[in-house]
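Input: a single structure, listed below in structure tokens.
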Amino acid sequence: MPELRQNFATKEWVVIATERAKRPEQMVQHRERKVLSAFVPTCPFCPGNESQTPPEILRIPAAGDAPWHVRVVPNKFSALSRDVQPNRTIHRSRRTVNGFGFHDVIIETPDHSKLLALMPDSYVAEILRVYKTRYDELSLDPWIAHITIFKNHGPDAGTSLEHPHSQLVATPVISLQVRERFQHALRHYDDYGECMFCMFCQMIDEELEEQSRIVMVSEHFVAMELFASPAPFCTHIYPRRHMASFGDVSAAEIMDMARMLRTVLAKLYHGLSDPDFNFTIRSAPAENVGVKYFHWYVSVIPRLTRVAGFELGSGMFINTVLPEAAAEFLRKVDAERSLQTAAHVHGS
Ligand SMILES: [Zn+2]
Ligand SMILES: [Zn+2]
């Protein structure tokens with residue numbers, strides 16, 4: 001029987017289309033991936049071409065022979081500028097804010113061909129520490145209302161440059177979608193929140209008890225498929241300790257988060273044959289740091305299906321893979337294969 005499920009946090013409805021249900025392995029897309037070389041002379045993010053990017057914001061030096069480890073530069077094609085004042089205008093039904101904001105590009109590695117899923121955990125941790133450094137710095141800017149950190153991998157995920165990179169966008173406004181999620185979380189906290197922190201803490205506890213949608217658990221994090229997952233293999237990673245903001249993450253937690261994020265990406269890479277994906281860190285807006293009702297998380301979304309007219313018109317997603325089947329499938333994928341593959345490819 002098809003089933004409509006409601007997302008506990010967002011209150012959005014999802015159609016779990018069991019009539020057209022697919023086994024998880026049917027979602028594997030054997031796409032033609034170009035074999036990338038480690039260095040591409042025309043790539044603006046490759047070593048030696050540092051002058052082709054706007055002036056660097058941050059650089060993590062490398063140990064050994066590599067030219068550097070991680071670089072952060074402003075996005076050359078940013079729609080937002082740090083040099084304007086975010087003045088608001090309201091004229092009749094039309095409101096605007098000057099295009100103030102920050103748009104960073106985090107160049108994850110000097111190696112053009114290296115994937116996050118195949119990097120050592122310690123290297124991924126370095127990238128996450130860079131995210132946190134920039135997140136903390138920009139959170140202090142009084143004009144900044146919200147910060148989004150994300151990665152696009154592959155053309156279906158909207159990437160335009162193949163060199164491994166992620167992005168951070170800091171805006172002077174908060175989108176309605178983020179506002180609404182906050183309002184749901186606050187209302188839930190007001191109604192039920194006497195003996196627990198937030199609705200996410202409640203859901204994490206219940207999912208850990210039920211186990212069927214859990215992908216993996218570590219000391220500080222848990223990765224799971226949502227009960228009302230909007231898309232096949234959409235995987236959320238939650239800190240087990242209550243924290244509203246990514247900026248609150250500790251040094252020990254960042255190391256553990258790196259291992260978990262890398263492992264989830266490796267499971268997708270091996271299990272689904274390197275799908276295009278996005279991930280995004282959903283964290284409290286700057287004005288809500290430290291609140292008890294919101295809980296930050298990472299959302300990893302493989303782009304295996306396309307959004308069509310029904311989704312656009314109804315605001316309801318159709319998911320053709322049972323979240324429980326997706327979780328079981330991902331639990332079984334051996335993520336550690338990746339390190340052997342990496343060692344084989346890079347000969348190190
Ligand atoms: Zn490159
Ligand atoms: Zn919580």
*asked:* When the residues of the stretch 292-306 are narrowed to those that are more than 10 Å from ligand 2 (Cβ to nearest atom) and part of a loop (DSSP other than H, G, I, E, B), which ends up surrounded by the fewest Cβ atoms within 10 Å (Cβ to Cβ)?
replied: Arg306
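How many residues are within 16 Å of ligand 2 (Cβ to nearest atom) and either part of a strand (DSSP E or B) or in contact (Cβ under 8 Å) with a residue 60 or more places away in the chain (or both) when one looks only at the stretch 224-244?
Residues in the stretch 224-244 being within 16 Å of ligand 2 (Cβ to nearest atom) and either part of a strand (DSSP E or B) or in contact (Cβ under 8 Å) with a residue 60 or more places away in the chain (or both): 6 in total.
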*asked:* Val178 - would you say it is more than 16 Å from ligand 2 (Cβ to nearest atom), surrounded by 22 or more Cβ atoms within 10 Å (Cβ to Cβ) and over 21 Å from Leu4 (Cα atoms)?
replied: no
*asked:* Quick check on Tyr293: is it out of contact with any Cys (no Cβ under 6 Å at 6 or more places or on another chain) and either of a type in the set (D, E, K, R) or within 23 Å of His184 (Cα to Cα) (or both)?
replied: no
*Scan (1) crowded, with 21+ Cβ neighbours inside 10 Å; (2) in contact with a Lys or Arg (Cβ under 7 Å, 6 or more places away or on another chain); (3) more than 22 Å from Val130 (Cβ to Cβ) for the single condition Val249 breaks and write down its number.*
(3)
_Looking at the stretch 249-260, can you tell me whether even one residue there is modelled with pLDDT under 95, aliphatic (A, V, I, L, M) and part of a loop (DSSP other than H, G, I, E, B)?_
no
*Looking at Ser229, Ser273, which one is out of contact with any helix residue (DSSP H, G or I) (no Cβ under 6 Å at 6 or more places or on another chain) and over 15 Å from Val124 (Cα atoms)?*
Ser273
*Would you pick out the residues in the stretch 26-42 that are modelled with pLDDT under 80 and surrounded by 12 or more Cβ atoms within 10 Å (Cβ to Cβ)?*
Gln29, Arg31
*asked:* Can you say whether Phe77 is away from ligand 2 (no atom under 16 Å from the Cβ), of a type in the set (Phe, Trp, Tyr) and either exposed (fewer than 10 other Cβ atoms within 10 Å of the Cβ) or within 30 Å of Thr305 (Cα to Cα) (or both), as far as the supplied structure shows?
replied: yes
_First in the stretch 20-36 and of a type outside the set (Lys, Arg), second anywhere and in a helix (DSSP H, G or I), Cβ under 6 Å, 6 or more apart_ = Pro24/Ala325; Pro24/Ala326; Pro24/Phe329
*Are any of the residues in the stretch 174-181 aliphatic (A, V, I, L, M), over 15 Å from Ala286 (Cβ atoms) and away from ligand 1 (no atom under 16 Å from the Cβ)?*
yes
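The values are calculated or read from the model by the stated rules, or taken from the named source; none is laboratory data. Owing to the predicted nature of the structure, the values given are computational and were not obtained by experimental measurement. Here the Cβ is made from the backbone with ideal geometry for all residues, glycine too, and neighbour counts use every protein chain on show.
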